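**Q** Below is one structure. I have some questions about it.
The values are calculated or read from the model by the stated rules, or taken from the named source; none is laboratory data. Predicted model only: the values in this text are computed from it and were never measured. Cβ: placed from backbone, ideal geometry, glycine included. Neighbour counts: every protein chain shown.
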Amino acid sequence: MAIPVKLQVFEGPLDLLLHLIEKNKVDIYDIPIVTITEQYLEYIKQMETEDMNVVSEFLVMAATLIDIKCRMLLPKEVNEEGEEEDPRAELVQKLLEYKLYKYMSYELKDKQVDAGRSFYKKQTLPDEVADYREPIDYDTLAGDVTLNKLHEIFKFMMKRQEYRIDPIRSQYGKIEKDEINLEEKEQFVTNYIRMQKKVSFRELLEKQGSKMEIIVTFLCVLEMMKVGRVTIEQEELFDDITITASENFDLFSGADGIGIQSEYS
């Protein structure tokens, strides 16, 4: 038997269903689906709106209620655990979630109203009072701390600092970039070999001022040997190496140098 429903604006199908459940004073976990469906359809018939989006939402819920009503008439389904499934379970879960959020919105609205009644007054303390700081009583602060206790605390903190030091990387020195003009170094080696014709490799390296200069000089000699500008000789193992300029030594000199600038610049 349908009961008269006062037409009012509901926020959605769930809002209408919750209104019908509360109006009929039924248990939300045991919804009389036949009665609620009839009242819901009665409300749909009396709706006066031209917004198809709103109407479609209510019609979808009407179809859901009819589907649940039909499933209630059929033998109950059994899940994997052997328990009978209630066709209303999913709808009940949605109604509970909607009811929770709805009443939460009421709480937030009440808090907003209460907050609107609150007034805040900025602090108007004099500067002397605002800047006042209570003096420190060092005797009270130190308490029963003695020199021996302070010494123990100091040693303990120093040990903690030592534990934080990396035993390997802490021994590294400062790494500095050695600026070397490759063109000048190449020209120096070329002129030195051109003037001497036959030079000692050891003496050539001893004229360098740093490890990086020695490395670059060594690369210059290797490149000269590669292109055939010089030949090297060593009579005995661990003897000094002799560098001799070839007959076509000056044929390879030019603007491009010996070709190591692009790799190390």
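**Q** Being out of contact with any Leu (no Cβ under 6 Å at 6 or more places or on another chain), crowded, with 16+ Cβ neighbours inside 10 Å and either in the same structural domain as Ala89 (by TED's automatic domain parsing) or at pLDDT below 80 (or both): is that true of Ile66 here?
**A** So Ile66 does not fit the description; no.
**Q** Tell me which residues, restricted to the stretch 233-249, are in contact with a helix residue (DSSP H, G or I) (Cβ under 6 Å, 6 or more places away or on another chain) and either assigned to a strand (DSSP E or B) or at pLDDT below 80 (or both). It would help to see each step written out before you state the result.
**A** Let us first name the residues in the stretch 233-249 that are in contact with a helix residue (DSSP H, G or I) (Cβ under 6 Å, 6 or more places away or on another chain), namely 240-241, 243, 245.
Answer for the stretch 233-249, where residues must be in contact with a helix residue (DSSP H, G or I) (Cβ under 6 Å, 6 or more places away or on another chain) and either assigned to a strand (DSSP E or B) or at pLDDT below 80 (or both): Asp240, Ile243, Ala245.
**Q** Tally the residues that are under 30 Å from Glu84 (Cβ atoms) and touching a Ser or Thr at 6+ places or on another chain (Cβ under 9 Å), restricting the search to the stretch 15-57.
**A** 3
**Q** Oh, and also: Test Asp139 against the stated conditions and say whether it is at pLDDT below 75 and under 39 Å from the mean Cα position of the chain (by Cα).
**A** No, not satisfied.
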